[in-house]
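Asker: Structure below; questions to follow.
The values are calculated or read from the model by the stated rules, or taken from the named source; none is laboratory data. Source: prediction; values computed, not measured. Neighbour counts are summed over all protein chains in view; Cβ atoms, including those assigned to glycine, are modelled from backbone coordinates with ideal geometry.
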Amino acid sequence: MKEKYILVVDQGTTSSRAILFNHNEEIVYKSQQEVACFFPNDGWVEQNALDIYLSVLNVINDILLKTNLTYDDIDSLGITNQRETTIIWDKKTGMPVYNAIVWQSRQSADICEKWKKYEKTVHVKTGLIINPYFSASKIRFILDHIENGQKRAENGDLMFGTVDTWLMYKLSRENIFKTDYTNASRTMFFNIHTLQYDDELLKLFNIPKCMLPEVCPSSYFYGNATALNENLKIRAVAGDQQAALFGQNCFEKGDSKNTYGTGCFMLMNTGTQPILSENGLITTIACSYDEQIVYALEGSVFMGGACVQRLRDQMRMIKSAGESENYAKKVKNSGGVYVVPAFVGLGAPYWDDNCRGAIFGLTRATTKEHFINATLNSIALQTKDVLSVMEKESKAKISLLKVDGGATANDYLMQYQSDILDVKLLLPNCLETTALGACYLAGLNSGYFESIDEIKNIHKYKKEFMPKMSKKIREDIDKKWAKAIEATRVFK
């Protein structure tokens with residue numbers, strides 16, 4: 001029998017990718033195209049929604065062209081996407097009425113400030129905090145900034161979707177208007193206990209329910225991508241970080257992973273019962289392959305790999321991301337320098353939108369190497385802040401952390417991360433764990449994969465990092481980092 005493949009669209013913040021997997025979770029081919037971000041004002045991040053869609057078409061077509069495969073060779077399509085990014089379009093024309101507002105954007109901060117009085121209600125129902133990170137205030141911003149926005153929405157003329165919904169709507173020739181539980185749980189008006197849009201929250205935010213997509217499980221037959229091929233079935237949709245948790249085989253309660261992308265995202269599978277955090281983490285719905293709902297605790301760091309990108313593009317200290325490791329290793333340590341990369345505020349567990357980046361400990365002996373070393377350290381130290389709270393909330397010690405994302409190629413960063421956490425890190429053979437999670441979910445729905453046990457047997461790891469740092473050094477770094485965070489938050 002002729003081998004078939006699973007095609008995954010991984011639509012991220014800075015690029016769209018199409019990845020073709022075989023049955024052994026091996027990448028047959030992948031294609032990538034950058035998607036531009038716009039920064040109209042301080043803290044604002046936007047994208048052209050049509051560019052996002054066209055980039056997806058381009059990478060899919062590139063794969064078929066380069067591999068000489070046809071759609072008959074593809075078992076199913078899975079989609080994983082940047083979460084919270086908000087798109088609103090006209091129902092009649094199918095055209096966006098405003099730029100896509102990216103998850104990183106803080107332009108709706110003033111709206112969130114007015115909603116702070118609803119904080120407890122939002123937290124109990126959605127597991128989230130009131131923050132411009134999530135979709136609700138972005139929707140409100142768009143409706144308030146386009147002509148007759150509220151009236152058009154109430155009349156049923158406008159449609160809202162995160163990137164997954166937008167892509168399925170376009171790929172299906174406007175026949176699929178759906179999202180999945182993982183993406184819906186990031187809107188700030190989806191009740192994670194009832195699995196329904198919450199009428200009370202929609203009323204508080206003045207968001208019409210008629211503009212919202214139907215919510216379905218992650219592993220599910222959504223419909224056909226008829227804009228590509230009449231028989232190409234979309235069988236999985238998941239937000240990128242939940243997809244990565246699934247791709248890392250974190251199927252059991254307590255299993256944890258950290259993704260080092262533009263930001264850093266740590267998730268812990270907490271089983272079938274949600275844990276509501278009291279210390280700045282958020283509760284979200286994780287991917288599941290059957291009808292049972294699984295929850296996760298999550299801590300989001302806004303500046304992860306973006307710190308290295310900044311060293312390259314704004315600071316011009318390196319020519320490529322890979323150079324950061326070489327420079328960092330040229331010095332024994334950071335020379336007492338601490339970088340707090342709060343360029344768009346601080347995420348979990350602080351959720352401080354107003355603070356901005358800071359540098360501490362500079363002396364005349366400080367070199368470029370020290371600064372680069374300290375910048376990489378800051379990624380690991382932000383992650384430690386999240387892990388410490390996650391252990392406290394879950395009442396469980398994390399002794400193993402599965403890692404993925406582009407920055408895992410940096411051995412210096414991974415070793416420092418293991419050291420500062422005092423935890424073993426495990427790096428999988430396939431680093432495309434976000435796409436791999438969507439592949440698993442699609443394959444389980446179609447029967448391409450028979451069971452979770454089959455997936456466990458296929459999944460392999462290639463490298464581990466064990467902690468080497470002394471307790472004394474680690475504790476000293478922790479204290480100074482805490483002081484740096486405190487000082488950064490004071491200076492506004």
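Asker: Here is a list of conditions, (1) of a type outside the set (Gly, Ala, Ser); (2) surrounded by fewer than 24 Cβ atoms within 10 Å (Cβ to Cβ); (3) in contact (Cβ under 8 Å) with a residue 60 or more places away in the chain; (4) in a strand (DSSP E or B), and residue 193 meets all of them except one; can you say which number that is?
Answerer: (4)
Asker: While we're looking at this one, here's another question. Could we say that residue 364 is touching a strand residue (DSSP E or B) at 6+ places or on another chain (Cβ under 7 Å), over 30 Å from residue 286 (Cβ atoms), of a type in the set (D, E, K, R) and surrounded by fewer than 23 Cβ atoms within 10 Å (Cβ to Cβ) here?
Answerer: So residue 364 does not fit the description; no.
Asker: State yes or no: is residue 80 part of a loop (DSSP other than H, G, I, E, B), of a type in the set (Ser, Thr, Tyr), touching a residue at least 12 places away in the same chain (Cβ under 8 Å) and crowded, with 18+ Cβ neighbours inside 10 Å?
Answerer: Against the criterion (part of a loop (DSSP other than H, G, I, E, B), of a type in the set (Ser, Thr, Tyr), touching a residue at least 12 places away in the same chain (Cβ under 8 Å) and crowded, with 18+ Cβ neighbours inside 10 Å), residue 80 does not qualify.
Asker: List, please: which pairs have Cβ atoms under 6 Å, are six or more places apart or on different chains, and start with a residue in region 341-368 that is touching a residue at least 24 places away in the same chain (Cβ under 8 Å) and end with one that is of a type in the set (Ser, Thr, Tyr)?
Answerer: Within 6 Å, the pairs are 341/378; 342/488; 347/300; 348/300; 355/488; 358/488; 360/338; 361/338.
Asker: Among the listed residues 124, 97, identify the single one that is over 29 Å from residue 275 (Cα atoms), of a type in the set (A, V, I, L, M, F, W, C) and surrounded by fewer than 24 Cβ atoms within 10 Å (Cβ to Cβ).
Answerer: 97
Asker: Something else now. Taking only pairs six or more apart or across chains, which ones have beta-carbon atoms under 6 Å, a first residue in region 314-336 that is under 9 Å from residue 373 (Cα atoms), and a second residue that is surrounded by 12 or more Cβ atoms within 10 Å (Cβ to Cβ) and modelled with pLDDT under 90?
Answerer: Taking only residues 6 or more apart or on different chains, the pairs are 324/308; 324/318.
Asker: For region 2-23, name all the residues that are of a type outside the set (Val, Ile, Thr) and not in a loop (DSSP other than H, G, I, E, B).
Answerer: 5, 7, 10, 11, 15, 16, 17, 18, 20, 21
Asker: If you don't mind, another one. Considering every residue within region 303-311, establish whether at least one is more than 18 Å from the chain's Cα centre (by Cα) and not charged (D, E, K, R).
Answerer: Within region 303-311 (the criterion being more than 18 Å from the chain's Cα centre (by Cα) and not charged (D, E, K, R)), the answer is yes, since at least one residue qualifies.
Asker: Suppose we filter region 443-458 for residues that are of a type outside the set (Ser, Thr, Tyr), within 12 Å of residue 23 (Cα to Cα) and touching a strand residue (DSSP E or B) at 6+ places or on another chain (Cβ under 7 Å); how many remain?
Answerer: Residues that pass the stated criteria total 2.
Asker: While we're looking at this one, here's another question. Can you tell me which of 116, 170 is within 21 Å of residue 50 (Cα to Cα), basic (Lys, Arg) and either over 17 Å from the mean Cα position of the chain (by Cα) or assigned to a helix (DSSP H, G or I) (or both)?
Answerer: 170
Asker: Additional query: Only one residue in 332, 384 is in a loop (DSSP other than H, G, I, E, B) and surrounded by fewer than 23 Cβ atoms within 10 Å (Cβ to Cβ), so which one is that?
Answerer: Just one listed residue meets the conditions, 332.
Asker: Got a sec? Which helices (runs of 4 or more DSSP H) wholly within region 404-459 have at least 1 residues that are on the phi < 0 side of the Ramachandran plot, crowded, with 18+ Cβ neighbours inside 10 Å and free of Cβ contacts under 8 Å to residues at least 60 places away in the same chain?
Answerer: 411-421
Asker: Can I ask one more? Pick out the one residue from 224, 249, 229 that is of a type outside the set (A, V, I, L, M, F, W, C) and farther than 30 Å from residue 36 by Cα.
Answerer: The unique qualifying residue is 249.
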